[in-house]
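The next block holds one structure in the form of structure tokens; read it before the comments.
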Amino acid sequence: MGNYAGLLKFLSGNKKRIGSLLILTHDYPDSDAIASAFALYYLANRFGIKSKIVYGGIINNIENRTMISLLRIPISKLKNSDFKEYKSYALVDTQPLFNNNSFPDNKHATIVIDQHLYSKRPEADFSIIDLECGATAVILAKAIFSSGIGMPKNLATALTYGIIIDTLNLYRVKRQGIFRIYMEV
């Protein structure tokens, strides 16, 4: 399993091999999945990697649709052609073997970033699974902080919202450092 700074190293050291990155959330994404995907999209673009955020199902929560609209998050409904157009695949807030996403069984994940327990370690070129972070958005916020590249306000707002919702107003936070990450975003 990778670490936060390792994600940056992986992106910068493998940008030619990655080529283009399709970032997939779980189906019917929540605010944490959307914010996490947006953060990975931001990082990938900072390293010159063309990327696109997609989801299966629908976004039926009015708060999440509003978040996408107000913060101008470039997310779209998954099309089968997306898997042909993009060379590499990232899963955020989900994993390849989970039944809650539209990732095809015949594809290999390049990146997996998640907070959920797995029954089998995800097969990916790079993965971060942090069971105690409370929200996948925490993982991406830490990666961005460790990069020193700064964070636009709309991304900071998305990450803050994803963290606060997924941790139940920080109630589910298991490590003190998570409070600091939330306050810094």
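The values are calculated or read from the model by the stated rules, or taken from the named source; none is laboratory data. Not measured: the values here are computed from a predicted model. Quick reminder, even Gly has a Cβ in these numbers, built from the backbone with ideal geometry, and neighbours come from all protein chains shown. Only protein heavy atoms, including side chains, enter the accessible area calculation; ligands, DNA and RNA are left aside. Shrake-Rupley method; radii C 1.70, N 1.55, O 1.52, S 1.80 Å.
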Exercise. From largest accessible area down, sort 25, 160; use a 1.4 Å probe on the protein chains.
Key: 160, 25
Quiz item: Among 112, 19, 33, whose Cα sits farthest toward the positive end of the charge dipole of the chain (+1 at Cβ of Lys/Arg, -1 at Cβ of Asp/Glu, about the Cα centre)?
Solution: 19
Quiz item: For residue 146 and residue 80, what does the FRET efficiency come to when R0 = 35 Å and r is the distance between their Cβ atoms, rounded to the nearest 0.05?
Solution: 0.45
Exercise. For the chain, just list the percent of Cα-Cα distances falling in each 5 Å bin from zero outward, please.
Key: 1, 9, 19, 23, 23, 16, 7, 2, 0
Quiz item: So, in nm, how far is label residue 131 from label residue 65 when the simple model puts each one 7 Å beyond its Cα toward the Cβ?
Solution: 3.7 nm
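From the helices alone, meaning DSSP H stretches of at least four residues, give me the mean residue ellipticity at 222 nm for the chain, per-run term -39500 (n - 2.57), in deg cm²/dmol to the nearest 500.
Numbers: 8 runs with 78 residues, N = 185.
Computed mean residue ellipticity for the chain: -12500 deg cm²/dmol.
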Quiz item: Which lysines have a Cα lying under 21 Å from the Cα of residue 50, excluding residues fewer than 8 positions away in the same chain?
Solution: 9, 15, 16, 77, 79, 84, 87, 107
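Relative contact order of the chain, please, whole-number percent, based on alpha carbon pairs below 8 angstrom and at least 6 residues apart. Walk me through the numbers on the way to the answer.
Details: 343 pairs, mean separation 48.7, N = 185.
Reported as a whole number, the value is 26 percent.
Students often check this: by mean Cβ neighbours within 10 Å, which of 66-76, 86-96, 28-38 ranks highest, and how do the rest follow?
Result, highest mean first: 28-38, 86-96, 66-76.
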